[in-house]
Each structure stands twice: as structure tokens, then as C-alpha cells.
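The values are calculated or read from the model by the stated rules, or taken from the named source; none is laboratory data. Source: prediction; values computed, not measured. Cβ coordinates were reconstructed from backbone atoms using ideal geometry, including for glycine residues, and neighbour counts include every protein chain displayed.
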Amino acid sequence: MKGIFEASLAIAHGVRLSRPQVIPMYPITPQTHIVERLADMINDGDLDAEMIHVESEHSACSALIGSVAAGSRSFTATASQGLAYMYEILPIISGLRLPAVMAVANRSLSAPLNIWNDHADAVSARDQGWIQLWAESSQEALDSVIQAVKISEDRGVLLPVMVNLDGFTLSHVWEPVDIPEQKEVDKFLPKFKFDFVLDPNKPVSIGNVATPDTFMEFRELQEKAMQDSRVVVKKVNDDYKKAFGRGYGDGLLELYEMKDAEFAVIGMGTLCGTARVAVDNLRKKGIKAGLIKLRCLRPFPEEELVKVTKNLKGLGVLDRHISLGFEGPLYTDIKSSLYGKNDLQVNSYIAGLGGRDIKVGHIEKALTDLTKGSGGGWLK
């Protein structure tokens, strides 16, 4: 089915097609439309799932533990302070190796109160063991949900996945979307089968105490699963492209005009659409500009990034968040990845905080700064 859909509805359709059995939910702007649409689908008989109306985001995330551990494919969604309220539970879900999917309609963190988009919420949670995918468009948001379920439930992964979409800038925007047929998604996505289900007839224990002589081994196994998930993310993206005709780069990075690029910008989410226009404008002026879209923040695609930047003279990093007291966290990751490997200028730009527009001119400035050997700072 093709049509013009709000991105939040596109996410809901992706969830519906994935056949979740349990949806713990609590509303918070700007993700509320997602669970409202899912509630409509359940009410109309289009989705056979149990929606749990919990009393807080903390409870929604906690309910994921029980529902997945009981063997149910589960989904939730949140944003901003809601994700912050879930923070205690995020590492528990990942540490218990429970596969679940959560959509985050990215929004700034208070104070001052601001309901608009930046990446402070999810980027602040990057160290809590969740795979993170970032969508540029409504279509990619829908497709990423279906891919996320398969990635999360892979026997070699068993880690939760966040699908991030820019709040309002994408969540409330209407775009053309191709919604796959249920039978095609069923072929792509097998039924959920969890090997460690809580069953009174076959008792198991989860979440036991790990003493100092074992805790590091648990973390080591979790880290190995996260690192190994790179291969799974790539394969799921490739398989999805074969099944539905759409893929997003190699699943980790998506490149635009990078074959002969000398200067490039890198960022996540909707700013990448704006960056494509800036790249085209500068190409017309004879500047060999390019774009690297970071689709997967965790696990971080270090080897892939080194490879695609080896011929660049300069790279501008566009952070929609700042690690206060230091720098943009994406800039930190990229500097670390490239250190001692590729010799190029890497500039840090902080942009788009609290919903501030990131304009074509901002990205053109970041690219032209690199041609002059200067730059970095706040784009306002």
C-alpha cells in the first residue's frame, strides 16, 4: 500500500507488520501519535496485541522485561524526559539480553523546557547496551522497525534496539510511504521464539547477582554480542533490500556523492536530507563535497568509517547534542575512530539544539570551512 503518511503512523504500521504481542505504553510528546495509532489498530482489530496502559515511562520499560521474558515480542515508544525516566531499566533489559524494540521520537532534555528536536535523549543513552538505528525519512523509520525486530531477535545478538526518528522534524511530517504487505513481512520476519522463557513448568532464573569474579565476564559477552551485531545489521539490511527493494547503505553507513569526495559532513537523522542539498549546491560550484549518513550509532561502525574517509581531506561532524563540558559526542567517537589511521582535518559543529533549524547554508559553511582549513563551532 502506497500513500502519504505521517512518520508516526509509518512507525505504527511497521510495528503492526512485525506482529508484536505486547505493547507497554505511556504518552509523551512527540511520540504519542505512535502509540495512539497502535491503540486504534488494536481497537479496530487490525493488530492482535495487548496494550498495557502503565503509569509512567519507567513502568513501560519495566513491563518490557516481563513481557519479553515471558516469550512475547514487545514494543514501546518514548521521547526526551520519558527516555530519561526509563534510564534505570535500559541497562537491565540489555544486560538480561532481552530482545525488544523501542521507537524514540528524539527531543531535547529539560531545562529549560523544550519539546522540540535534538538528539540529547538517545545519544545520552548510547552506553546502555541498546543498538541504535537513526532514520532520515518516514520510509526509513518504518523499514527500520521491521529490521530492528529481526536484528534484536537474532540468536547471536539478543539485544534491544532503539529506532530513532527526529521529533516533529520527522515524527509529525507527512511523506510518501510504501507499506509492505503483511504476507511479505511474515516471510522476512519469523515468529518470535525465545530460548529462555519464564515458564513455571520449566523454571529458569534471570537477573541473578553477579559477584566481582563473574560480572566482567557477563559484560564481555554483552560487548561481544554488540560488536558481532554489526554483521547482523548489515545482513538484515541486505536481506531487506532483496525482499522489498529498499536498503540503507550497508546498514551502518549510507553514502552520498562519496566516490570522489574530498570534503564531507557526517550526521544522523533528518539533517542528512538537508545535507544532500548542500552537497549538490557545492558540487555545482566545483567543490567535491559528500555526505556520510551515520545510520547506526551503536555499535559504532569504526572500520567502515575509516575506509570511507581514507581519501578525504576534511570531515565536518554535525552533532545535534553536546556533552556539556567537553564536545559533541559524535565528534568524540569519530576522532577516536580515525586517530592514527587517516590524516584529515576533522571539525566539530554543534547544531540544531532544541529544534533550531539546520539550514542548507549551515552545512555549506561546514563544508567550505574545510576547503579553507578552518572552522568548527556552533551553527546558529
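Observations on the structure shown:
- Here A12 fulfils each of the conditions (1) farther than 26 Å from S94 by Cβ; (2) buried (at least 20 other Cβ atoms within 10 Å of the Cβ) apart from (1).
- Count of the stretch 364-378 residues which are of a type in the set (A, V, I, L, M) and either assigned by TED's automatic domain parsing to the domain that holds R107 or at pLDDT below 95 (or both): 0
- Candidates G361, G286, G325, G354: the one that is on the phi > 0 side of the Ramachandran plot, at pLDDT 95 or above, surrounded by fewer than 20 Cβ atoms within 10 Å (Cβ to Cβ) and in a helix (DSSP H, G or I) is G354.
- As a summary of the residue check, T32 satisfies the conditions (1) among the polar types (S, T, N, Q); (2) buried (at least 23 other Cβ atoms within 10 Å of the Cβ); (3) without any contact (Cβ under 8 Å) to a residue 40 or more places away in the chain except for the one numbered (2).
- V15 touching a Pro at 6+ places or on another chain (Cβ under 8 Å) and assigned by TED's automatic domain parsing to the domain that holds G167: no
- Scanning the stretch 24-49 for residues that are among the hydrophobic types (A, V, I, L, M, F, W, C) and out of contact with any Leu (no Cβ under 6 Å at 6 or more places or on another chain) yields M25, I28, I34, V35, L38, A39, I42, L47, A49.
- Neighbours by Cβ (under 6 Å, 6+ apart or cross-chain): first from the stretch 238-259, more than 15 Å from K293 (Cβ to Cβ); second part of a helix (DSSP H, G or I) and modelled with pLDDT of 95 or more: Y240/Q147; A243/F188
- Of the residues making up the stretch 296-310, just one is farther than 14 Å from R126 by Cβ, of a type outside the set (A, V, I, L, M, F, W, C) and buried (at least 22 other Cβ atoms within 10 Å of the Cβ), namely T309.
- Filtered residues of the stretch 221-275 (kept if part of a loop (DSSP other than H, G, I, E, B) and of a type outside the set (G, A, S)): R246, Y248, D250, L252, E257, M258, K259, D260, E262, M268, T270
- Scanning the stretch 75-96 for residues that are more than 17 Å from the chain's Cα centre (by Cα), crowded, with 19+ Cβ neighbours inside 10 Å and of a type outside the set (A, V, I, L, M) yields nothing.
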